[in-house]
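One structure is given here, and the rest of the page talks about it.
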Amino acid sequence: QVQLVESGGGVVQPGDSLRLSCAASERTFSRYLMGWFRQAPGKEREFVATITWSGGQIYCIDCARGRFTITREKSDNIIYLQMTKLTAEDTGVYYCAAGPGGAPMTAASYDTWGQGTQVTVSS
């Protein structure tokens, strides 16, 4: 059965960093898109970052500013989301997702989801 397992969440202070990991089962890693969404309390799930498994093309809402970095380790079927300079607005449940393709920043393009890992940024 296809599975995605996230880890690395926690409670941190503003300005801190966290690295989230998503381990994919063997049947999942062939998915074209693998990425991260997040959902803050009372808000809809939103796109964070994704990477194409084959070519490493990246889509990311905050990578240009250097806050987030998404990488993949193909040999271990793992993707990572490195987050820096965290603020309270980054608080939420972070979900790993995999999909066969389509619009990379749209949740409907992903058909496999992890259970989520909580990230709380608080002073």
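The values are calculated or read from the model by the stated rules, or taken from the named source; none is laboratory data. All values reported here derive from a predicted model rather than from experimental measurement. No Cβ is skipped: glycine too gets one built from the backbone with ideal geometry, and neighbour counts run over all protein chains shown. In case anyone asks, the SASA skips ligands and DNA or RNA and just uses the protein heavy atoms, side chains included. Shrake-Rupley method; radii C 1.70, N 1.55, O 1.52, S 1.80 Å.
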If we keep just the residues of the stretch 56-99 that are acidic (Asp, Glu) and outside any strand (DSSP E or B), which is nearest to Leu18 (Cα to Cα)? Asp90
Anything in the stretch 61-100 that is open to solvent by 30 Å² or more (accessible area, probe 1.4 Å), in contact with a Gly (Cβ under 9 Å, 6 or more places away or on another chain) and of a type outside the set (Lys, Arg)? List them, or say none. Thr71, Tyr80, Thr84, Thr87, Val93, Tyr95
I'm trying to understand the selection: among the residues of the stretch 101-123, which are farther than 19 Å from Glu44 by Cβ and open to solvent by 60 Å² or more (accessible area, probe 1.4 Å)? Ser122, Ser123
Scan the stretch 100-110 and tell me whether some residue there is within 14 Å of the chain's Cα centre (by Cα) and assigned to a strand (DSSP E or B). no
Residue, farthest from Phe68 (Cα to Cα), within the stretch 1-55, restricted to residues that are part of a loop (DSSP other than H, G, I, E, B) and open to solvent by less than 20 Å² (accessible area, probe 1.4 Å): Thr28
